[in-house]
2 protein chains.
Amino acid sequence: MITPISLFNASCTECGLKKLCFPLGLDKAEVLRLDAIVKRKSPLQKGEALFRTGQAFQAVYAVRAGGFKVSTVSASGEDQIAGFYLPGDILGADALSSGLHVSTAVAIDTTTVCEVPFHDLERLASQVPSLNHQLLSLMSKELTDERMHAELLSRKSAEERLALFVLWLSRRQERRGFSARAFRLGLLHRDVALYLGLTPETVSRILARLAEERVFSWRNKQVDIMDMSALEVLAGEAQNDNDDCQRSQCG
Amino acid sequence: MITPISLFNASCTECGLKKLCFPLGLDKAEVLRLDAIVKRKSPLQKGEALFRTGQAFQAVYAVRAGGFKVSTVSASGEDQIAGFYLPGDILGADALSSGLHVSTAVAIDTTTVCEVPFHDLERLASQVPSLNHQLLSLMSKELTDERMHAELLSRKSAEERLALFVLWLSRRQERRGFSARAFRLGLLHRDVALYLGLTPETVSRILARLAEERVFSWRNKQVDIMDMSALEVLAGEAQNDNDDCQRSQCG
DNA sequence: AGCACATCTTGATCTGTATCAACTCCACAG
DNA sequence: CTGTGGAGTTGATACAGATCAAGATGTGCT
């Protein structure tokens, strides 16, 4: 199959996501060395797997466009969704300790990735301290994200979970330079429900209520936030009262 | 204050936990270099904090004896417990991406730790590839553990959660060379409840039932597992049927 | 365009766990 | 030894969200 070169040859130097990805903190010469080990793969179709549980760990991947859902299959069959990975995110590093992937990554859209063979990455990182630091930093970030996820699951009501989920998405969009108030979200309610520890029915009911209350709507893969501060309140993240004041002038 | 040197001078070379900790995969000369940057601190009393939310990130810590509970304080005040760290575990690396600790680590017993200044660790790791690999591997391990925690929180019943929790503890004990069936657990019900996303009342009720059914008991900081296979069944982790068979001779 | 299947919505009911409340047990200080 | 406060237990009740069920809407394929 012949694919237009232009889609895949963009280097890290020119990539719009370099502030979120491995190049962060590297100088130009270092980015060029990184570029040399990165393989741009042809796009995955929606539903295709990037890796599956049990496969040998070979590389980590940076999402360039599209996205993945990462799930683990439990003994009971039904799968749990560990997270969603959007452009700029790195995935696959969770397989590092065991040498085998412990989860499956499925494209939720037509998706392009950069493949970074781990052996090469590790060797380069040992020569480029700032790259190594960034690798550690990205993993540390994933860990704190997963902790936030666990906190959401253990202490939040269904409504808070959905509000928080949309708020997180909104902030990720914003950091990528897109609108925080309106974006596309090509996920099934079922997948979001699994991620949030809820059922699709509950998700549907709460979406109906929040749309009714003009907080936000999610219809036909399109999210529109109508009242950001109400959303923050519902998510339990309002910039309220005097938390800052205790450290500055007030009181 | 003068403390007996003998308590703190044990080197990594002689440490019984080296198979679980940074030295894994290093040769003797490398372990000696690691030893040179590790600081053995004087013990923390029960209830003392190793680090607190908001403190600057300076070092990672290896638990030598005792243990920690690591919790995050949410805006609403009550704290969520992210995990328990036992001898051989590494903690503190979650602060790496932001440069500030995002959680608080409190000793649950008299506890000794090895402090590894991160700046030194990073420099040494850049010279010793196997150390760098082990650092990445430990972080990857933490990430998969946190995913298991999230899975427990989103899909398991209260009984399954407790069974799984005790099973995890049992396996950790075993890997450290202790009995898998009987061990000390100096945690409050309240802390375990928070970790499992339950209330102390529910924990108490289920413990009573499981002791009644002779699966395991937890009284006076002492856990005794009476029926390991029943515990595995309750935890949804029984070595059941033909999962292996599908890959071998059966059928 | 039209069919078929998957996803989403909406409603009725059920249930596991939280919540509230009272009591017991224990550790520790004096 | 006794008083005090925190932790654990046990029971009664409430409710959020699961489950079951049926219909509406969408989406992909021929």
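Numbers for the structure displayed
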{"quantity": "Some residue of the stretch B:149-167 being at pLDDT 95 or above, open to solvent by less than 10 Å² (accessible area, probe 1.4 Å) and in contact with a Lys or Arg (Cβ under 6 Å, 6 or more places away or on another chain)", "calculated": "yes"}
{"quantity": "Tally of residues being more than 13 Å from chain A (Cβ to nearest Cβ), more than 26 Å from B:GLY88 (Cβ to Cβ) and more than 9 Å from DNA strand D (Cβ to nearest atom) across the stretch B:177-208", "calculated": "1"}
{"quantity": "Candidates B:LEU91, B:LEU20, B:LEU96 - the one that is within 13 Å of another protein chain (Cβ to nearest Cβ) and open to solvent by 30 Å² or more (accessible area, probe 1.4 Å)", "calculated": "B:LEU20"}
{"quantity": "Cβ pairs under 6 Å, 6+ apart, first in the stretch A:85-112 and closer than 13 Å to A:LEU44 by Cβ, second surrounded by fewer than 22 Cβ atoms within 10 Å (Cβ to Cβ) and acidic (Asp, Glu)", "calculated": "A:ALA107/A:GLU48"}
{"quantity": "Where B:ARG172 falls short, out of the listed (1) within 13 Å of DNA strand D (Cβ to nearest atom); (2) within 20 Å of the chain's Cα centre (by Cα)", "calculated": "(1)"}
{"quantity": "Test result for B:VAL106, among the aliphatic types (A, V, I, L, M), more than 30 Å from A:SER71 (Cβ to Cβ) and either part of a strand (DSSP E or B) or more than 7 Å from every other protein chain (Cβ to nearest Cβ) (or both)", "calculated": "yes"}
{"quantity": "Members of the stretch B:110-144 that are more than 15 Å from the chain's Cα centre (by Cα), facing another protein chain (nearest Cβ under 7 Å) and of a type in the set (Asp, Glu)", "calculated": "B:GLU122"}
{"quantity": "Unmet requirement for B:THR144, which otherwise passes all of (1) touching an Asp or Glu at 6+ places or on another chain (Cβ under 6 Å); (2) of a type in the set (S, T, N, Q); (3) buried (at least 21 other Cβ atoms within 10 Å of the Cβ)", "calculated": "(3)"}
{"quantity": "Qualifying positions in the stretch B:27-57 - exposed (fewer than 13 other Cβ atoms within 10 Å of the Cβ) and touching a helix residue (DSSP H, G or I) at 6+ places or on another chain (Cβ under 9 Å)", "calculated": "B:ASP27, B:LYS28, B:ALA36, B:SER42, B:ALA56"}
{"quantity": "Qualifying residues in the stretch B:176-225 (those that are among the β-branched types (Val, Ile, Thr) and closer than 25 Å to B:SER154 by Cα) - the one most open to solvent (accessible area, probe 1.4 Å)", "calculated": "B:THR199"}
{"quantity": "The stretch A:54-68, residues that are outside any strand (DSSP E or B) and under 22 Å from A:LEU138 (Cα atoms)", "calculated": "A:PHE57, A:GLN58, A:GLY66, A:GLY67"}
{"quantity": "Members of the stretch B:32-83 found to be of a type outside the set (Val, Ile, Thr), within 14 Å of chain A (Cβ to nearest Cβ) and in contact with a Gly (Cβ under 6 Å, 6 or more places away or on another chain), listed by number", "calculated": "B:PHE57"}
{"quantity": "Members of the stretch A:145-163 that are more than 8 Å from chain B (Cβ to nearest Cβ) and within 21 Å of A:VAL63 (Cα to Cα)", "calculated": "A:ASP145"}
{"quantity": "Residue check, B:SER126 polar (S, T, N, Q) and either touching a residue at least 40 places away in the same chain (Cβ under 8 Å) or not assigned by TED's automatic domain parsing to the domain that holds B:ASP94 (or both)", "calculated": "no"}
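The values are calculated or read from the model by the stated rules, or taken from the named source; none is laboratory data. Computed from a prediction, not measured in an experiment: that's the story for all the values here. With ideal geometry, Cβ positions are generated from the backbone for all residues, glycine too; neighbour counts draw on all protein chains shown. Heavy atoms of the whole protein, side chains included, go into the accessibility calculation; ligands, DNA and RNA do not. Shrake-Rupley method; radii C 1.70, N 1.55, O 1.52, S 1.80 Å.
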